[in-house]
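Okay, structure first, notes after.
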Number of protein chains: 2
Amino acid sequence: MIGGMNVLWILAHPEPRSLNGFLAAEGRRALRAEGHHVEVSDLYAMGWNPVVDASAYAHDPAERFRVADAAKHAHHAGTVAADIRAEQEKIDRADTLVVQFPLWWFGMPAILKGWFDRVWHQGYAYGLRGPDGEWSGYGDGFLAGKRALAVVTMGGPAGFYGERGIHGAVDELLFPLQHGMLFYGGAKVLPPVLLWGTDRFTPEDAAGAAKELRERLRAVPATEPIPYRPRNGGDYDDRFVLRPEVAPGLTGSRAHRSA
Amino acid sequence: MIGGMNVLWILAHPEPRSLNGFLAAEGRRALRAEGHHVEVSDLYAMGWNPVVDASAYAHDPAERFRVADAAKHAHHAGTVAADIRAEQEKIDRADTLVVQFPLWWFGMPAILKGWFDRVWHQGYAYGLRGPDGEWSGYGDGFLAGKRALAVVTMGGPAGFYGERGIHGAVDELLFPLQHGMLFYGGAKVLPPVLLWGTDRFTPEDAAGAAKELRERLRAVPATEPIPYRPRNGGDYDDRFVLRPEVAPGLTGSRAHRSA
């Protein structure tokens, strides 16, 4: 590859000796072996604080803490906490984000949810206007020009997370991350790497997963992103609802992609 | 009402002077005025630690930390951390759970997600068998006989979270909590109290929301729960996939309720 990617790899797992720890190490190694640059936010290893509070945004505790406003103010005043700013600088340097986690109770581990809650604050990640004065969001924003890939392990078998499986369809479960956060920010969101049945993985299964991961990483620059509909592309009305002629009859997350 | 409820009210908001703080206080007050008993887990006020780690389950750091196994082992050995056990005792004492939070990035604040991640561990909340030896989960489990009510504030207007709104349908966004956690545990899950557009709430809007909340709380014992399908009720095959004749053509979260 010409140039090479600048990857930020965000990992949320408490155990380096786990499948997730193994895959993260393998992925990093494979990327570096091909000349890419990789920064890592290993949230457990960093002791990341996932809890939004006033102190991170230099907010005067005598005043009511309005989360979004306080963060925006701190952002413009340059008083956001150093741990948050460090993550934002990593994001800004990257052209590719990898978000890796085990699915716990059908979502991200708290330490990762709180990475988004704290780092993706108003003024940095939302409440932004583009050069034309239009609000950005969903297809354009602070992640414009970047690619994003989720890598998700699930203990149960694939069927539990299928279109009619009891846990709910995995596309729906990941919609908040993939559409609501990554695509919202303007990233091109690639189809996720999904690893099912990991509770019963053998060493051979883990090796197979590592191989799949390496192939997906190698293919990042050429992979077609999920065709989520950009907000300003004509599919939504001015109240951010899909126009009747777009995906007629479809509701929920499925309606927000064009294929 | 005869008897009175034993309510556990779980709140996740950093600011007591917020709309969420106001509603929590109003709800508590109203319940107590009617003779109900209310315990509160105000996660911010408690300084709740939302991060799953080995120490909470008395796990030997020399050994690989397998989260679910370590928790189950600690549960049976009586070595689960005191903060987790205290929450479990509150849950066990309650007949009604209220889960109140602002929707942040289309899900729970990290401090609340980590309440579930840590407290709802294997051995206590899943991996259980009923008296007949059958695995429990989805319609029966450690929350059997309890009712659950989510109270959720959303900054944006209702249309954004509608069936074809850009943020995704709120039913889908809450499915992991309502179906995957509360109904999974065996609770009767009531339709949530949803408050939209709260970024622009006036004092009159807040008073109106408090009134709605009081009415919903008063109606808890008589409210029809969401008709999620019990796993052992015949709608699922033995791989936990909906049988073809059940909700034909429906996929995702919508398929898992009978009305």
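Assorted remarks:
- Integer Hz, Karplus 6.51/-1.76/1.60 couplings in order for the stretch B:128-140, x for Gly and Pro: 10, 10, x, x, 8, x, 6, 4, 9, x, 6, x, 8
- Distances between copies of residue A:238, taken at a point 7 Å out from Cα along the Cα→Cβ vector and listed shortest first: 5.9 nm.
- Mean residue ellipticity at 222 nm, helices only, chain A: -8500 deg cm²/dmol; runs of at least 4 DSSP H residues each add -39,500 (n - 2.57), and the sum is divided by the number of residues.
- Label geometry 7 Å along the beta-carbon vector: residue A:204 inter-copy distances in nm: 7.1
- What you get for the protein assembly as shown, charging only the Cβ of Lys and Arg (+1) and of Asp and Glu (-1), is a dipole of about 140 debye around the Cα centre.
- For the stretch B:194-259, the set of GluC sites (Glu not before Pro) satisfying both a DSSP loop assignment and a count of at most 16 other C-beta atoms within 10 Å is given as B:245.
- Tensor-based shape of the stretch A:1-56 (alpha-carbon gyration tensor, a/c under 1.5 rounded, otherwise prolate or oblate): oblate
- The mean accessible area for residues of the protein assembly as shown, using a 1.4 Å probe and ignoring ligands and nucleic acids, is 41 Å² per residue.
- Beta bridges assigned by DSSP with both partners in the stretch A:85-200 are antiparallel in approximately 15 percent of cases.
- Lysine-lysine proximity count for chain B, Cα under 20 Å, sequence distance 8 or more or distinct chains: 6
- Antiparallel bridges, percent of DSSP beta bridges restricted to the protein assembly as shown (to nearest 5): 15
- Total formal charge among the other residues, if their Cβ is under 9 angstrom from that of residue B:49, Lys/Arg +1 and Asp/Glu -1: -1
- Distance between the stretch A:71-122 and the stretch B:236-259 - C-alpha centres, whole angstrom: 36
- Shape category assigned to the protein assembly as shown from the gyration tensor of Cα positions, a/c cut at 1.5: rounded
- Rounded, prolate or oblate (a/c below 1.5 giving rounded, otherwise prolate when a/b exceeds b/c) for the stretch A:6-225 by Cα gyration tensor: prolate
- Here is how far apart the residue A:93 label points are across copies: 5.0 nm, shortest first, using a point 7 Å from Cα toward Cβ.
- Threshold 10 Å² - residues in the stretch B:244-259 whose accessible area is reduced by that much or more when the chain is no longer isolated, probe 1.4 Å: B:250, B:251, B:252, B:253, B:254, B:256
- Each DSSP beta bridge with both residues in the stretch A:1-133 is either parallel or antiparallel, and the antiparallel ones are about 10%.
The values are calculated or read from the model by the stated rules, or taken from the named source; none is laboratory data. As the structure is a prediction and not an experimental result, all values here were calculated from the model. Neighbour counts are summed over all protein chains in view; Cβ atoms, including those assigned to glycine, are modelled from backbone coordinates with ideal geometry. Please note that ligands, DNA and RNA were not included when accessible areas were found on the heavy atoms of the full protein model with its side chains. Shrake-Rupley method; radii C 1.70, N 1.55, O 1.52, S 1.80 Å.
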